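Visitor: Starting off with a structure, shown below.
The values are calculated or read from the model by the stated rules, or taken from the named source; none is laboratory data. Nothing here was measured: the structure is a model prediction, and the numbers come from that model. Every residue, glycine as well, gets a Cβ built from its backbone with ideal geometry; the counts of neighbours run over all protein chains shown. Areas reflect the complete protein model, heavy atoms only, side chains present, ligands, DNA and RNA absent. Shrake-Rupley method; radii C 1.70, N 1.55, O 1.52, S 1.80 Å.
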Amino acid sequence: PVINFIGDANIAMLLSVLAAVYWLGIRRGHKTKTVMKKLEDAFKSIAVILLIIAGSGVFMQIMRDGGVNTYIGSALQNLAIPPLILGWLIAALIRVCIGSATVAGLTTVSIIFPLIQHQPIHPELMVLSIGAGSLMFSHVNDGGFWLFKEYFNVTIKETFLTWSIMETIVSVTGLIGV
């Protein structure tokens, strides 16, 4: 029970933060007030990104809980598109709409899994196809877009011209490779 408690994701993250506060702050001679101010500043700089990621995760859960993914999967069952391309397309559409590559990949898997269960498709190729689709055109609703913009200190236009184009090239090239 103790290991299960400590291994819980929320508890593990809390313990990590507390350990960092102690070992990297207080133990090194910083006052508690200074350490807390640094934590506050760090959180402020990523708060928008965390909200975007959280919103994407909520959307994915709503789709699962509401059965939307199952409905979409059955609606696509008779489509005459090869499953690898269909997986890429679904992931790409979700990525562009939601912004999160993780949410796009996981939601696509839940949509396409019933379609491919009884088809002779290599699961490795399906993973690569969905992964490539989930990288399609990163823009303002993606946390990675904002991280790139901030870390490299570029404008939104420059981020579109570099990051977004690069992500699209990676996505299309990935599909071609599959």
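Visitor: Could you state the number of Å between the C-alpha centres of region 35-64 and region 150-178?
Guide: After rounding, the separation between the Cα centres reads 22 Å.
Visitor: Given charges of +1 on the Cβ of Lys and Arg and -1 on the Cβ of Asp and Glu, with all other atoms neutral, how large is the dipole of the chain about its Cα centre, in debye to the nearest 20? Display every interim value, and only then the final one.
Guide: Numbers: 11 positive and 9 negative charges, 155 e Å.
Value, rounded to 20: 740 debye.
Visitor: Would you please put 80-93, 130-143, 34-47, 154-167 in order of how densely packed they are, using the mean number of other Cβ atoms within 10 angstrom per residue and starting with the highest? Before the final figure, lay out the partial values.
Guide: Numbers: 80-93: 19.4, 130-143: 22.2, 34-47: 11.7, 154-167: 15.1.
Sorting 80-93, 130-143, 34-47, 154-167 by mean packing, highest first, produces 130-143, 80-93, 154-167, 34-47.
Visitor: Next up: Counting helices only, and only those DSSP H runs with n ≥ 4, report the 222 nm mean residue ellipticity of the chain as the sum of -39,500 (n - 2.57) divided by its residues, in deg cm²/dmol to the nearest 500.
Guide: Using -39500 (n - 2.57) per qualifying helix, the result is -24000 deg cm²/dmol.
Visitor: I've got another one for you. Considering only GLY87, PRO1, GLN119, whose Cα is most displaced toward the positive end of the charge dipole of the chain, charges sitting on Cβ of Lys, Arg (+1) and Asp, Glu (-1)?
Guide: Most positive-ward Cα: PRO1.
Visitor: At 1.4 Å probe radius, can you tell me the per residue accessible area of region 32-124 in Å²? Walk me through the numbers before you get to the answer.
Guide: Numbers: 5760 Å² over 93 residues.
Heavy-atom SASA per residue in region 32-124 reads 62 Å².
Visitor: Sequence gap of 8 or more, or different chains, plus Cα separation below 24 Å: how many lysine pairs satisfy both in the chain? Spell out each step's value before the answer.
Guide: Numbers: LYS31/LYS44; LYS33/LYS44; LYS38/LYS149; LYS44/LYS149; LYS44/LYS157; LYS149/LYS157.
Taking the Cα cut-off of 24 Å, the pair count is 6.
Visitor: Could you tell me the relative contact order of the chain? Use alpha-carbon pairs under 8 Å, at least six residues apart, and round to a whole percent.
Guide: 21 percent
Visitor: Treat each spin label as a single point 7 Å out from the Cα along the C-beta direction, and report the THR70 to GLN117 distance in nm.
Guide: 1.0 nm
Visitor: Can you give me the three principal axis dimensions of region 62-178 from its C-alpha atoms, in Å, biggest first?
Guide: 48, 33, 20
Visitor: Quick one: with all protein chains in place, what share of the accessible area of region 1-119 is carbon or sulfur, to the nearest percent (1.4 Å probe)?
Guide: With neighbouring chains kept in place, the figure for region 1-119 is 71 percent.
Visitor: How far is it, in nm, from the label point at GLN77 to the one at ALA42 when both lie 7 Å from their Cα along the line to the Cβ?
Guide: Between GLN77 and ALA42, the simple spin-label model gives 5.0 nm.
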